[in-house]
Amino acid sequence: MTLSKRQIWLLALALAALVVISLFAAPGGKRLQSGSTYGRSPAGYGAWYAFMESRGVTIHRWQKPLKSLFQPDEPKTPAIETLNSDDPDTGTISATLFASPRLLSTARPLRLSKSSAPATPITLLQVLTDETASMSGESIAWVERGNVLVQLGGRWRATKAPFDSTIASPVGNVRLQTSRRGTKAVMDNRDEPVLSDAFGSVVLQRTIGRGRVISASTPHFAANAYQDAPGNFEFLAKLVIEPGMQIWVDEYSHGYKDAEVIKQDAGNLIGYLVKTPLLLVALQAAVILLVLVWGQNRRLGPAIALPTPPIDNSEAYIQAMAAVLRKAESSQFVVNTVCKAEQLDVQKALGLGTEPLPLTALLNAWTQQTGQPASVLEAALNPTKRPRRVSESELLAWLNAMQTVKRQLGGAKF
């Protein structure tokens, strides 16, 4: 099948539209990688995770729905992937690598082993990817039982603070690239500042029951981009380390799942459809449909061929001859021809037969039968007095005279 130039342009337009929609509407992997300890991008937390491992601190990764962690009546034995620093075959990263700001560029991929979720109070670190995220009733009850929840990012308002600032802390300078702060106007009475400057609090904590909730103003508090600011890593380590409590990181919200969850999702068609970007699929289908309709320039359905009108050869010949005579400016020939034909029509109307008669005899019969002067018929039928080329005004006068003759004879209008 050979495509026309128009069809090629339409196809190119459709492809360009799909690419643009995919760029702006498709779900991006970078958003999920932001804040993940598996992430090696500037917004990831792979460097901080390796930094903690180099200190001998074990960090577990939670890769199941948080509901199964917050509910106390469910068994806490899910298989979670974590780094086993004691195993020489797991590719442990040397602490000397993390002294360099390019520590991720030389690190090998981490090989993971299986561990189980704890039954005792723990510290859970969440790097929020959705600024509208809020604590649920289950998470609050979980904190009240003695657990510690550390949330980076969330509902923080922008202030007049400079976007890039450095704040002194007991563990070193902390660099922040955000103007969001917690001010007294929006803070709860139970919130206690942990790190703040003249514009407000950057890190807050709140005691709920036997546990605590610690929150920071930016999800990038100790991201890979801050490897040159060791105070950020140290301060976050201070926030999550509690004596006798294990440290867990929420990786489920960043798209990572253990084998059991993946198996459950694979058999659940409704769950798959819920997570499918239906809006993107609908937009792409709409663009393709509009381009197809526009390209064919017709309604949906098979094309209906229009009937071919019959050709009138006589009319076509007359129109062609008229165009030729007009181009040649042969108006006198047209007048003479029409006058001869009209003279025979007048003879028939007066009952004088179809044989051509002298003009004088025809004028006398006209005067006797119609009572009109002979000049009226003579002006319509006598072409001998007309010049070779007739002007437009003279043609109009001749047509008026011919119409007068037709009306007197009771015939059709000329």
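Per-residue answers, yes or no, for (1) assigned to a strand (DSSP E or B); (2) among the hydrophobic types (A, V, I, L, M, F, W, C); (3) in contact (Cβ under 8 Å) with a residue 60 or more places away in the chain; (4) not assigned by TED's automatic domain parsing to the domain that holds Ser54:
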{"residue": "Val203", "(1), (2), (3), (4)": "yes, yes, no, no"}
{"residue": "Val213", "(1), (2), (3), (4)": "yes, yes, yes, no"}
{"residue": "Pro219", "(1), (2), (3), (4)": "no, no, yes, no"}
{"residue": "Asp228", "(1), (2), (3), (4)": "no, no, yes, no"}
{"residue": "Leu236", "(1), (2), (3), (4)": "no, yes, yes, no"}
{"residue": "Val249", "(1), (2), (3), (4)": "yes, yes, yes, no"}
{"residue": "Tyr256", "(1), (2), (3), (4)": "no, no, yes, no"}
{"residue": "Val261", "(1), (2), (3), (4)": "no, yes, yes, no"}
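Against the definition (crowded, with 18+ Cβ neighbours inside 10 Å, of a type outside the set (S, T, N, Q) and either modelled with pLDDT of 90 or more or more than 17 Å from Arg155 (Cβ to Cβ) (or both)), how does Pro219 come out, yes or no?
Numbers: crowded, with 18+ Cβ neighbours inside 10 Å: yes; of a type outside the set (S, T, N, Q): yes; either modelled with pLDDT of 90 or more or more than 17 Å from Arg155 (Cβ to Cβ) (or both): yes.
For Pro219, the condition - crowded, with 18+ Cβ neighbours inside 10 Å, of a type outside the set (S, T, N, Q) and either modelled with pLDDT of 90 or more or more than 17 Å from Arg155 (Cβ to Cβ) (or both) - is met.
From the list Asp188, Asp228, which residue is surrounded by fewer than 16 Cβ atoms within 10 Å (Cβ to Cβ) and within 19 Å of Met135 (Cα to Cα)?
Asp188
How many of the residues making up segment 339-368 are in a loop (DSSP other than H, G, I, E, B) and either acidic (Asp, Glu) or within 17 Å of Trp398 (Cβ to Cβ) (or both)?
1
Checking Met135 against (1) assigned to a loop (DSSP other than H, G, I, E, B); (2) at pLDDT below 90; (3) more than 21 Å from Val240 (Cβ to Cβ); (4) of a type in the set (A, V, I, L, M), which single condition isn't satisfied?
(3)
Only residues in segment 277-294 that are within 12 Å of Leu18 (Cα to Cα) count as the first member; pair them with residues that are not in a helix (DSSP H, G or I), Cβ under 8 angstrom, at least 6 apart or cross-chain, and list the lot.
Leu280/Ala26; Leu280/Pro27
Restrict the check to segment 310-320 and report whether at least one residue is part of a loop (DSSP other than H, G, I, E, B), modelled with pLDDT of 80 or more and of a type in the set (Ser, Thr, Tyr).
no
Residues checked against (1) over 13 Å from Ala349 (Cβ atoms); (2) of a type in the set (Gly, Ala, Ser); (3) at pLDDT below 85:
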residue	(1), (2), (3)
Thr370	no, no, yes
Glu378	yes, no, yes
Thr384	yes, no, yes
Glu392	yes, no, yes
Leu396	yes, no, yes
Lys406	no, no, yes
Gly410	no, yes, yes
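Among the residues of segment 37-65, count how many are more than 27 Å from Ile262 (Cα to Cα), part of a loop (DSSP other than H, G, I, E, B) and out of contact with any strand residue (DSSP E or B) (no Cβ under 7 Å at 6 or more places or on another chain).
Going through segment 37-65 one residue at a time, the tally reaches 3.
Which one of the conditions (1) without any contact (Cβ under 8 Å) to a residue 12 or more places away in the chain; (2) surrounded by 20 or more Cβ atoms within 10 Å (Cβ to Cβ) does Pro193 fail to meet, given that it meets all the rest?
Tallying (1) without any contact (Cβ under 8 Å) to a residue 12 or more places away in the chain; (2) surrounded by 20 or more Cβ atoms within 10 Å (Cβ to Cβ), Pro193 fails exactly one: (2).
Restricting the search to segment 144-184, which residues are assigned to a loop (DSSP other than H, G, I, E, B), of a type in the set (D, E, K, R) and within 30 Å of Gln71 (Cβ to Cβ)?
Arg145, Arg155
Any residue in segment 41-65 that is on the phi > 0 side of the Ramachandran plot sitting within a Cβ distance under 9 Å of a residue that is not in a helix (DSSP H, G or I)? List the pairs, counting only those 6 or more apart or interchain.
Every condition considered, the pairs that remain are Gly56/Ser85.
The values are calculated or read from the model by the stated rules, or taken from the named source; none is laboratory data. The model shown is predicted, which means the values in this text are computed figures rather than measured ones. Because the Cβ atoms are built from the backbone with ideal geometry, glycine has one as well, and the counts that use them run over all protein chains shown.
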